[in-house]
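Shown next, in structure tokens, is the structure this report addresses.
The values are calculated or read from the model by the stated rules, or taken from the named source; none is laboratory data. Computed from a predicted model, the values in this text were never measured in an experiment. Glycine also receives a Cβ, built like all others from the backbone with ideal geometry; neighbour counts cover every protein chain displayed. These area figures cover heavy atoms from the full protein model, side chains too; ligands, DNA and RNA do not enter into them. Shrake-Rupley method; radii C 1.70, N 1.55, O 1.52, S 1.80 Å.
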Protein chains: 2
Amino acid sequence: MKKITRDKLQTIFAKEIEPVIEIEPGETLLVETEDALFHTVRTEKDLYKNFTEIWNTLKGNNPVTGPIYIKGAQPGDNIAVKIEKMECFDPWTNTIQGLGGLSDFLDIKPDLPATATICSIEDGMVIYPTSKGDLKIPIAPMIGTIGVAPLVDRYRSHYHSPEHLGNVDVTDICPGNTVIMPVNVEGALLALGDCHAAQGDGELCGTALECRADVTITVDLIKKKDAKYMECPQIEYPDAIGSIGCIFMSSMDDIIRAAYRDILRRMEKYYGFDLIEAYKLITQVGEIVIGQIVPPLCTCVAKIKKEYLL
Amino acid sequence: MKKITRDKLQTIFAKEIEPVIEIEPGETLLVETEDALFHTVRTEKDLYKNFTEIWNTLKGNNPVTGPIYIKGAQPGDNIAVKIEKMECFDPWTNTIQGLGGLSDFLDIKPDLPATATICSIEDGMVIYPTSKGDLKIPIAPMIGTIGVAPLVDRYRSHYHSPEHLGNVDVTDICPGNTVIMPVNVEGALLALGDCHAAQGDGELCGTALECRADVTITVDLIKKKDAKYMECPQIEYPDAIGSIGCIFMSSMDDIIRAAYRDILRRMEKYYGFDLIEAYKLITQVGEIVIGQIVPPLCTCVAKIKKEYLL
């Protein structure tokens, strides 16, 4: 099995970035990922006051390993990335001025103190220290940032869009599930990183249980004639289908609506439902998983169990 | 056990409404509830084009059974309503112009067709007909509208507020859980109805599996000195605590933030956490359950498991 080491990092998604590896469709590979702040938060004293300080010191954040060139991938195709396995290392979390659902990223006077919490992993649990004692949080590994090169634009890896996916922080991008993305440029140029050992709904303060990880993935190519991409990146679960709402600078309302609308249109186009019938049905059995509510980024997954698609 | 029959209905929450029953704190009673459209949707031909038609015909919607006067309840106290059991009857769903997450309630030209789907219940499943065949949806009963009289204002039962709760359509208001509400006026004047046999996250088209129900509740009184109400109504789960975000005409973003903020403040005031510590912790283990995304009504529950409160 091929492997990409943790030093093959980028902080942007763009077509100009030279691939670090080429793979065949259907190939399985091991991707070592770096944490969101380049493994620089190792003690409670490793603090970042704000994003300016992060940029001055690190020249970016949410580094991704790659890009990976998928042979034969052409614009209009889809790629399907099955997450086979994840192993997490050295989790931590922190607070940073101007970041998070209860901060305002346009605030002219942010006052959230910089803090860091360093955790460890024991027997499948994150040991999370608090002033009241240690807590145990079950490890639930996920990939925070995964995406492909956009056709024209260039995005720092901190951001997201339906065209390239990117930093969506969706807990369901986890072992057992498959992420389906559009191919915008030859080879797709897949990259991933920013893994979390666990994350609550919304990633409220903006920093989950950030960690390094060893991620095993299988990458399949879906040629244009069989591709079923509508407007949103998709998650294929063993027992459900999902659409990821991820439009930069949009409200959670619009994100939820966009994701549900995408599912409805898939139900109409690929599963033979009348649109109004699909609208009524998803009202009864649709599920929303909140990804992040970290302005200017809001994400969710809208999903429906396959048993209801007949 | 006392019982209130299905004909004791109101369509407003207000202090002037004469109670239909008085109970002692701690008493268990059976409340028969009517469905959201007064049991007038019984065939696929029972259609409502829009809300004007509903109001012209029914003079309101989301009728609630009550109000129930709780002896000794005084402003500043809380009441805790434990939902012991629910039995559902005659479920249906429909579409109505101008209603739902993909309609715009301010739209000057709504064009959603009026439709109705009539279901039945068999062996714990809702039998849900579609053009592709019958689906089975597991019954997951919940109370859509439950609330108390506000101090000054008067609300139609279709609406909600943190002061009186009301029509929040939160799936976790279900058997096994307890809803905690403020007492604004003597006797509290509790009422409930608009039950659902099941509902997806967001109640997207605005109409869940609406049903009549027989609801068994136990109502406890928490006197002012022990009341722990902050800004949001609360749900007490066997293994978690929750805060209900329910501010009329607010975005889902603000609703999620309001609910999380309420939990954070409860963690600080009643569980001994530092606020920033609570913010970081809930980022890892907080859960959001989306209630409705039906403009102008958005609701959610923010929750945290009790094991993380130490």
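Can you tell me which residue within the stretch B:269-302, out of those that are surrounded by fewer than 17 Cβ atoms within 10 Å (Cβ to Cβ), assigned to a helix (DSSP H, G or I) and not aliphatic (A, V, I, L, M), is nearest to the other protein chains (Cβ to nearest Cβ)?
By that ranking, first place goes to B:Y271.
Only residues that are at the interface with chain A (Cβ under 10 Å from one of its Cβ atoms), in contact with an Asp or Glu (Cβ under 6 Å, 6 or more places away or on another chain) and open to solvent by 20 Å² or more (accessible area, probe 1.4 Å): list them for the stretch B:223-268, please.
Answer for the stretch B:223-268, where residues must be at the interface with chain A (Cβ under 10 Å from one of its Cβ atoms), in contact with an Asp or Glu (Cβ under 6 Å, 6 or more places away or on another chain) and open to solvent by 20 Å² or more (accessible area, probe 1.4 Å): just B:S251.
Can you report the number of residues in the stretch B:130-184 which are outside any loop (DSSP other than H, G, I, E, B) and closer than 30 Å to A:E268 by Cα?
To start, the set of residues in the stretch B:130-184 that are outside any loop (DSSP other than H, G, I, E, B) comprises B:130, B:133-138, B:142-147, B:155-156, B:160-161, B:165-167, B:178-182.
Still in the list and also closer than 30 Å to A:E268 by Cα: B:130, B:133-138, B:142, B:144.
Total meeting the criteria: 9.
Taking B:Q74 as meeting all but one of (1) in contact (Cβ under 8 Å) with a residue 24 or more places away in the chain; (2) assigned to a loop (DSSP other than H, G, I, E, B); (3) under 24 Å from B:F38 (Cα atoms), write down the number of the exception.
Of (1) in contact (Cβ under 8 Å) with a residue 24 or more places away in the chain; (2) assigned to a loop (DSSP other than H, G, I, E, B); (3) under 24 Å from B:F38 (Cα atoms), only one is false for B:Q74: (3).
Only one of these is touching a strand residue (DSSP E or B) at 6+ places or on another chain (Cβ under 8 Å), among the aromatic types (F, W, Y) and within 29 Å of A:Y260 (Cα to Cα): B:Y69, B:Y48. Name it.
Working: B:Y69 fails: within 29 Å of A:Y260 (Cα to Cα).
B:Y48 is the lone residue from the list that is touching a strand residue (DSSP E or B) at 6+ places or on another chain (Cβ under 8 Å), among the aromatic types (F, W, Y) and within 29 Å of A:Y260 (Cα to Cα).
Which pairs turn up if I take residues in the stretch A:26-48 that are free of Cβ contacts under 8 Å to residues at least 40 places away in the same chain and look for partners that are open to solvent by 40 Å² or more (accessible area, probe 1.4 Å) and of a type in the set (D, E) with beta carbon separation below 9 Å, at least 6 apart in sequence or on another chain?
A:T40/A:D46
Looking for something within 14 Å of another protein chain (Cβ to nearest Cβ) and on the phi < 0 side of the Ramachandran plot - is there at least one such residue anywhere in the stretch A:146-169?
Taking every residue of the stretch A:146-169 in turn, none turns out to be within 14 Å of another protein chain (Cβ to nearest Cβ) and on the phi < 0 side of the Ramachandran plot.
Could you run through the stretch A:70-111 and say how many residues are more than 14 Å from chain B (Cβ to nearest Cβ) and within 27 Å of A:R6 (Cβ to Cβ)?
14
Can you pull out the strands (runs of 3 or more DSSP E) entirely within the stretch A:77-129 that have at least 3 residues that are open to solvent by 40 Å² or more (accessible area, probe 1.4 Å) and on the phi < 0 side of the Ramachandran plot? Steps first, please.
Working: elements: A:78-95, A:115-118, A:120-122.
Of the strands (runs of 3 or more DSSP E) lying wholly inside the stretch A:77-129, those with at least 3 residues that are open to solvent by 40 Å² or more (accessible area, probe 1.4 Å) and on the phi < 0 side of the Ramachandran plot span A:78-95, A:120-122.
Quick check on the stretch A:160-167. Is at least one of its residues open to solvent by 20 Å² or more (accessible area, probe 1.4 Å), touching a residue at least 60 places away in the same chain (Cβ under 8 Å) and either closer than 20 Å to A:I293 by Cβ or within 17 Å of the chain's Cα centre (by Cα) (or both)?
Of the stretch A:160-167, the ones open to solvent by 20 Å² or more (accessible area, probe 1.4 Å) are A:162-163.
Those left that are additionally touching a residue at least 60 places away in the same chain (Cβ under 8 Å): A:162.
Filter again for either closer than 20 Å to A:I293 by Cβ or within 17 Å of the chain's Cα centre (by Cα) (or both), leaving A:162.
Yes; the residues of the stretch A:160-167 include at least one that is open to solvent by 20 Å² or more (accessible area, probe 1.4 Å), touching a residue at least 60 places away in the same chain (Cβ under 8 Å) and either closer than 20 Å to A:I293 by Cβ or within 17 Å of the chain's Cα centre (by Cα) (or both).
Assess whether B:T52 counts as being open to solvent by 20 Å² or more (accessible area, probe 1.4 Å), away from chain A (no Cβ under 14 Å) and out of contact with any Cys (no Cβ under 8 Å at 6 or more places or on another chain).
On the way: open to solvent by 20 Å² or more (accessible area, probe 1.4 Å): yes; away from chain A (no Cβ under 14 Å): yes; out of contact with any Cys (no Cβ under 8 Å at 6 or more places or on another chain): yes.
Against the criterion (open to solvent by 20 Å² or more (accessible area, probe 1.4 Å), away from chain A (no Cβ under 14 Å) and out of contact with any Cys (no Cβ under 8 Å at 6 or more places or on another chain)), B:T52 qualifies.
To keep it simple, each residue is scored yes or no on (1) open to solvent by less than 20 Å² (accessible area, probe 1.4 Å); (2) not β-branched (V, I, T).
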site	(1), (2)
A:M181	yes, yes
A:V185	yes, no
A:A191	yes, yes
A:A197	yes, yes
A:D201	no, yes
A:D214	no, yes
A:T218	yes, no
